[in-house]
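Enquirer: Please find one structure pasted underneath; my questions will follow.
Only the coordinates and a few stated rules stand behind these numbers; no lab work does. Computed from a predicted structure; not experimentally measured. FYI the Cβ positions are ideal-geometry reconstructions off the backbone, even for glycines, and counts take in every protein chain you see.
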Amino acid sequence: MTTSGTWKVGPLAEASGLTVRTLHHWDAIGLLSPSRRTSGGHREYTEQDLVRLYQVLALRGLGLGLDTIAVCLDVGVDAERLVEDHLAGVEASIAALGALRERLVRLGRALASDGPAPAAALLDALRALGGTGPESLEALGRHLDGGRIEVLRARAAALGPSAHYLLDVEWPELYRRAERCRAAGVPATDQRVRRLAARMDELSALFTGGDAGISAGVRAAWADDPAAMSGDPGAPGDDWRELAAYLDRARDAPA
């Protein structure tokens, strides 16, 4: 740190655990550019730059790509909201595990008794293990077999708290941005739309393991019953299908 309260690129790289080359690259792509430069052209980072660096590293720690991190910061996903969202996901996971524990304890007691386990206890435990609403499960079940639905559950569980952020924060924001582009008449071949579609496909791969059959089934379930899949009874099917077709055109556009 200099006497003026700024950081040169070398000391900042060392303090943050990054390399000078990484900081230079982030500057070149506009992700994290130093607010000041010396008369000799050397980079100097301010305290506000350090705040953005923290945000970049926090979002990267959730597995987001650099393009997506830039989108998140541009739409105002700040450090406080990030921590709150992450904490909410952790607390939701703790609550879900607590509820599952209670259900399994009840089921264990029922199985240990002389008679057969009550159907209510079995269904209660199955709902807790499923982790998916009955409406969306029914919609998925029309397009995916049980084995592929289980893959979705297992991969979401493996992502831990970041699954909450990806599903409840980033993914909806990507769709909102895509819908704004579509409504504004932006061509599907526009680079902005293509980048949004590419990031959606990256998220899809996280949850499907790159299985094209699962991806196709999930998209078919959304097209068939967006209200059930989104949990929003008012979700308009026609709007969803138009947006899905718009994104497909972006994916099919030549590079």
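Enquirer: Ala216 to Ala88: FRET efficiency via 1/(1 + (r/R0)^6), r the Cβ-Cβ distance, R0 45 Å, to the nearest 0.05?
Expert: Using R0 = 45 Å, I get an efficiency of 0.90.
Enquirer: Roughly what would the spin-label model give for Arg251 and Ala157, points 7 Å off Cα along C-beta, in nm?
Expert: So the label points at Arg251 and Ala157 sit 2.8 nm apart.
Enquirer: Can you list the residues, at least 5 places off or on another chain, whose amide H is less than 5 Å from the amide H of Arg36, using H built in the peptide plane?
Expert: So Arg36 has HN proximity to Glu44, Thr46.
Enquirer: For the stretch 12-27, in order, what is each residue's ³J(HN,Hα) by Karplus, 6.51 cos²θ - 1.76 cosθ + 1.60 with θ = phi - 60°, in whole Hz (x at glycine and Pro)?
Expert: Those phi angles translate into 5, 4, 5, 5, 9, x, 9, 9, 4, 4, 5, 5, 4, 5, 5, 5 Hz.
Enquirer: Please grab the % of Cα pairs in the stretch 1-51 that end up more than 16 Å from each other.
Expert: 30 percent
Enquirer: So if each residue of separation counts as 0.36 nm, and I subtract the Cα-Cα distance between Ala198 and Ala95, what length gain in nm does that give?
Expert: 33.7 nm
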